[in-house]
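Here's the structure, in structure tokens; my notes come after.
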Amino acid sequence: MSTPSLSDLPIRRLTRRDVLACADLSEDRGWPREEHKWGLLLAAGTGYGIDDPDGGLVGCCVVTEYGPRERPELAAIGMVLVAERHARKGVGRRLMHAVVERAGTTPLTLHATPYGRPLYEELGFKVTGRAEMVRGRFTPGGPLPEVPTRPATAEDLTAILRLDAEVFGPDRTHIITRLPAFADQLRVAEDGGELIGYAAAWPNMDTHVVGPLVARDTETAKALVASLAAHTDRPLRTDIDVRHEELLTWIKERGLEGIAMNAVMNHGAPDLPGDWTRRFAPLTVAAG
């Protein structure tokens, strides 16, 4: 029996049972396995993959939709991966074409590496911003931000969702409500009893990723980062919108270093919805 060509292999929806296959594909491309993150993405979003007749996956990606289920207002694309043995054969282009076609009029967003950007531009995505990935051990220094923070409780969830809807725009209850189980820390900032920010730190290999980071202002964002750092012995990693220059400068002064710069790209909308001035870092760049 002849081996089917790559173009004949069907694209199927992935499930939670595909976490290990997705992690294997990440590892194949030199990325961390990130099984914990894959579990969240495949539970809160929709994964698409192509099975390799010889085992494993030829390629995959994940789409996380926000807003009403019947009419999403935004969809984030992430984890676009093709096995090394099948690279440069049009697999990534085929997956992306399928995702864009399925989205119809729903606006799309993604974070693009320099390697992936040409393909996305070919598909009509436009660069609308940039995010810098920083990583390192946080070293306290200088005056501490005078914004009180504390661990979030179950009673805070309604206020967190309300603030997130103001800042992010489209409803993402289905992913925010997973944070208490997904993250090792979930903290909130308050002013006079009003919730003015929240942030999570979740485990990713040997680091804690800070995200989402939503705050009324830069001082509140600093307070949340400092409080998360004070309760972990791992290095921190996060992706900060470069427009937040003050936060980036501050966090680098405290030991984190810039390790990558990704382009924020949109399709079908000139910019992301919501209020970028209070949106400092995403939960993960794979989910927007």
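The values are calculated or read from the model by the stated rules, or taken from the named source; none is laboratory data. Worth saying up front: this structure is predicted, and the values here are computed from it rather than measured. Because the Cβ atoms are built from the backbone with ideal geometry, glycine has one as well, and the counts that use them run over all protein chains shown.
For residues that are under 16 Å from Ala200 (Cα atoms) and without any contact (Cβ under 8 Å) to a residue 24 or more places away in the chain, scanning just region 159-175, find the one that is surrounded by the most Cβ atoms within 10 Å (Cβ to Cβ).
Among them, the one singled out is Leu161.
Return the residues of region 232-285 that are assigned to a loop (DSSP other than H, G, I, E, B) and β-branched (Val, Ile, Thr); say none if nothing qualifies.
Thr232, Val242, Thr284
Against the conditions (1) surrounded by fewer than 19 Cβ atoms within 10 Å (Cβ to Cβ); (2) modelled with pLDDT of 95 or more, where does Val285 fall short? Just the number, please.
Just one mismatch for Val285, condition (1).
Just give me the residues in region 86-109 being farther than 14 Å from His267 by Cβ, among the basic types (Lys, Arg) and out of contact with any Leu (no Cβ under 7 Å at 6 or more places or on another chain), in sequence order.
Once the filter is applied, which keeps residues that are farther than 14 Å from His267 by Cβ, among the basic types (Lys, Arg) and out of contact with any Leu (no Cβ under 7 Å at 6 or more places or on another chain), region 86-109 yields Arg88, Arg94.
Can you tell me which residue among Ala87, Ala44, Ala83 is touching a Lys or Arg at 6+ places or on another chain (Cβ under 9 Å), at pLDDT below 95 and at negative phi?
Within the list Ala87, Ala44, Ala83, the selection yields Ala87.
Going by what's in this entry, would Leu95 be described as crowded, with 19+ Cβ neighbours inside 10 Å, touching a Cys at 6+ places or on another chain (Cβ under 6 Å) and assigned by TED's automatic domain parsing to the domain that holds Ser26?
Yes: the conditions hold for Leu95.
Output the residue which, of all residues in region 199-230 that are touching a Lys or Arg at 6+ places or on another chain (Cβ under 7 Å) and hydroxyl-bearing (Ser, Thr, Tyr), is farthest from Trp31 (Cα to Cα).
Selected residue: Ser227.
For region 75-84, indicate whether the set of residues that are surrounded by fewer than 17 Cβ atoms within 10 Å (Cβ to Cβ) and either assigned by TED's automatic domain parsing to the domain that holds Trp202 or assigned to a loop (DSSP other than H, G, I, E, B) (or both) is non-empty.
No, there is no match, as no residue in region 75-84 is surrounded by fewer than 17 Cβ atoms within 10 Å (Cβ to Cβ) and either assigned by TED's automatic domain parsing to the domain that holds Trp202 or assigned to a loop (DSSP other than H, G, I, E, B) (or both).
What is the one condition in (1) hydrophobic (A, V, I, L, M, F, W, C); (2) more than 18 Å from the chain's Cα centre (by Cα); (3) crowded, with 21+ Cβ neighbours inside 10 Å that Ala269 does not satisfy?
Evaluating Ala269 over (1) hydrophobic (A, V, I, L, M, F, W, C); (2) more than 18 Å from the chain's Cα centre (by Cα); (3) crowded, with 21+ Cβ neighbours inside 10 Å leaves (3) as the failure.
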